[in-house]
Structures are given as C-alpha cells and as structure tokens.
Amino acid sequence: MTVAPSSLAMPQVHVYVDKAALVAAATDQVIELIRDAIATRGRCSIALSGGSTPKPLYQALAQTDLPWEQLYIYWGDERYVPATHADSNAKMTYEAWLNHVAIPAENIFTVPTETDSPNSSADQYQQALATSFDTTEIPAFDIILLGMGDDGHTASLFPHTEALNETERWVTVGQKADQPRITLTAPVINQARHVMFLVAGANKQTALSQVFAPTADSATYPARLVSPTGELRWLLDQDASAGLPASIERTLH
C-alpha cells in the first residue's frame, strides 16, 4: 500500500542539537499545552509513551507546579505484562513522575494488563476511555506523546500487523514478534488536538526518510499513519534529523 506521508498534516518539524535539548524543549511545550488545555476546557487529557526518550521529560514534569487535579493521565500503549514488571510503561512513569505529584488516583488510567487475555485488556481499556471521556465517539485527547522505533513503528502499531488495519476500535492488540501489546489505534491518535513525536538517534534516519517521503508504504512504516486533525509536532535531535528529505521544512534550535 503506497500512501501520502503524514507530512500532509503540515507538521511542525523542530531539530535540536542533541537529546538533552530535545527533552528540555519537549518539557516546555508539554507544560504550555497542559496549561492551555486546562485554561480552555478545565482539564487536560494526555496519553503517554514509554521508552527511554520521554523518561527525563517525565522526571522534569515531576518538578513542575501544575494544577494536578485537572490533569488526566492515559497511555498510548502498554506491554502485556504486570504493572510491577520492569518492562511496564506505567511502572516507569510512576517512578519518574506520578509518584512525586498530587494527581488524584482516579485521574490515572493505566492499561489493565493482568487480565484473561490481551484482547480482554484492550476491551477493558476501551471501556475505561469511553467512561472517562463520557462519549461513544472517538475521544479527543488534548495531547498524545509518541516515539518512533527504527522500524518506523509508533505506539504499538508495528509493521505489517493487523493493528494497522483497525478502523473501528479505539484500543487493540499490537504484536511485536510473540509479545502482545495494548495500543491506541490510528483513528484515536489522529483525533487528538496535539500529537508530539519525540525521536532521537542516528538509527532513526532510515525510518524518518520513509515517513516523510512523498510516497511510501504505511504498512512498512506505520508512523506514516499519524495525520491528526489537530496539530502535529515532530521534535528530533540532530542525529535523527539527518534522515529527513531535503524538501522538508524544519526549524533548527
């Protein structure tokens, strides 16, 4: 399947000298988006990503003074492991951020992974979203944070997997080899008001070159599926940005 790239969503592409500068900028931008959402709608819903790149962002947020009772925390994807497992995205986020601030427990929506099956976990998380957002329509997150793997995956939407074709469900099972993941689907990601990719490292160059190519295969590079109705920002370090096609406009910091 050859499709137009996510660049049709007119992303803002920002390039920073290194990962530390990227994280510092992301922290400032996330804080601003949180404050704006609360000022506009009285609350802010944010779906978090796992991995090493956002961890220092979460640690920085733990040192920030925000109206925590108006912040609602979700995850864009989660490994199908117990919440105490070392690979759990929620565990990392609690240790880096959530254990250190006064966000009400009822405002935090972890993916229920200790269930009968990954499918049951996905069903339960979708129901939690429907209840939390009080809607039967696709929920509109204020902020969704995403990373991108060197294979072009984002959230747990992996190349050539069934999750890429899901258009009805909000939450589904992603598959990395024989490791099931629970993930938001592309339609939910694309309903967000703000989507922010944090991408660092020279190993991301090939994937970025295809994600931003005029035409390429979204089944091979799933990050191409991200084309939100709201704002799309790509925050890259200098090493990763070397993969951008020359035609892509970017702001250097």
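Tell me, which residue of the range 35-92 that is β-branched (Val, Ile, Thr) and not in a loop (DSSP other than H, G, I, E, B) is surrounded by the fewest Cβ atoms within 10 Å (Cβ to Cβ)? By that ranking, first place goes to Thr40. Any idea which residue in the range 151-168 is surrounded by the most Cβ atoms within 10 Å (Cβ to Cβ), counting only those that are closer than 25 Å to Leu71 by Cα and in contact with a Ser or Thr (Cβ under 6 Å, 6 or more places away or on another chain)? That would be Ala155. With farther than 21 Å from Ala140 by Cβ and at pLDDT 95 or above as the only criterion, which of Gln175, Gln238 stands out? Just one listed residue meets the conditions, Gln238. Inspect all residues belonging to the range 99-122 and state whether any of them is open to solvent by 10 Å² or more (accessible area, probe 1.4 Å), in a loop (DSSP other than H, G, I, E, B) and closer than 27 Å to Val211 by Cβ. Yes, the range 99-122 has at least one match.
Out of the residues in the range 130-150 that are over 16 Å from the mean Cα position of the chain (by Cα) and assigned to a loop (DSSP other than H, G, I, E, B), state the one that is surrounded by the most Cβ atoms within 10 Å (Cβ to Cβ). Don't jump to the end; show me each part of the working.
Kept after step one, since they are over 16 Å from the mean Cα position of the chain (by Cα), are these residues of the range 130-150: 130-138.
Still in the list and also assigned to a loop (DSSP other than H, G, I, E, B): 134-138.
Working: Asp134: 7, Thr135: 11, Thr136: 7, Glu137: 9, Ile138: 17.
Filtering the range 130-150 for residues that are over 16 Å from the mean Cα position of the chain (by Cα) and assigned to a loop (DSSP other than H, G, I, E, B), the one surrounded by the most Cβ atoms within 10 Å (Cβ to Cβ) comes out as Ile138.
State all residues of the range 213-239 that are of a type in the set (S, T, N, Q) and within 18 Å of Ala200 (Cβ to Cβ); if no residue qualifies, say none.
First pass over the range 213-239, keeping only residues of a type in the set (S, T, N, Q): 215, 218, 220, 227, 229, 238.
Residue satisfying the conditions is Gln238 alone.
Among the residues making up the range 170-185, those that are among the β-branched types (Val, Ile, Thr) and in a strand (DSSP E or B) are Val171, Thr172, Val173, Ile182, Thr183.
The values are calculated or read from the model by the stated rules, or taken from the named source; none is laboratory data. Predicted, not measured: the structure shown is a model, and the values here were computed from it. Here the Cβ is made from the backbone with ideal geometry for all residues, glycine too, and neighbour counts use every protein chain on show. Heavy atoms of the whole protein, side chains included, go into the accessibility calculation; ligands, DNA and RNA do not. Shrake-Rupley method; radii C 1.70, N 1.55, O 1.52, S 1.80 Å.
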